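The values are calculated or read from the model by the stated rules, or taken from the named source; none is laboratory data. Everything numeric here is computed off the predicted structure, so don't read it as measured data. Methodologically, a virtual Cβ is constructed for each residue, glycine included, from the backbone with ideal geometry; neighbour enumeration extends over all protein chains shown.
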Amino acid sequence: MKRLTAKEEELMERFWEKGPLFVKELLACYDEPRPHFNTLSTIVRGLEEKGFLSHHAHGNTYQYYPLITAANYGQGNLRNVITKYFNNSYLGLVSSLIREEDLSVDDLRRLLDEVERGN
């Protein structure tokens, strides 16, 4: 999965929250000072080229909609982090989380129970 810049991710979050949007509607989601219409339009077209958005034509304007869910994007990012920082080891990631978060043995047992139950 391709990576998103911070601005691209910010726009995708708005699409995931609101659903299909015209660029004009996307612009209205921002507080002042709002980004320029052309700037948003350029970023949206880039997201479409990367395969994150598609559009429906409405006359001479486009309504854009997400092609992937926020959950799918998050899972892809997690895989990238595991590959890049944990030598492709999920166990390495979990070990690091346990050490960093100072999880108790009881917490870990509860987590394992949830995983085994499919929660």
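If you scan region 40-76, which residues turn out to be of a type in the set (Ser, Thr, Tyr), assigned to a helix (DSSP H, G or I) and at pLDDT below 95?
If the condition is that a residue be of a type in the set (Ser, Thr, Tyr), assigned to a helix (DSSP H, G or I) and at pLDDT below 95, then 73 is the only one that fits.
Quick one: how many residues across region 16-33 are touching a Leu at 6+ places or on another chain (Cβ under 6 Å) and either under 18 Å from residue 72 (Cα atoms) or among the basic types (Lys, Arg) (or both)?
Number of matching residues: 0.
Give region 44-54 a look and list any residue that's within 15 Å of the chain's Cα centre (by Cα) and surrounded by 12 or more Cβ atoms within 10 Å (Cβ to Cβ), or say none.
44, 47, 48, 50, 52, 53 - these are the residues of region 44-54 that are within 15 Å of the chain's Cα centre (by Cα) and surrounded by 12 or more Cβ atoms within 10 Å (Cβ to Cβ).
Using beta carbons and a limit of 7 Å, which pairs, at least six apart or on different chains, have the first residue in region 86-102 and outside the structural domain of residue 112 (by TED's automatic domain parsing) and the second one surrounded by 12 or more Cβ atoms within 10 Å (Cβ to Cβ) and among the hydrophobic types (A, V, I, L, M, F, W, C)?
none
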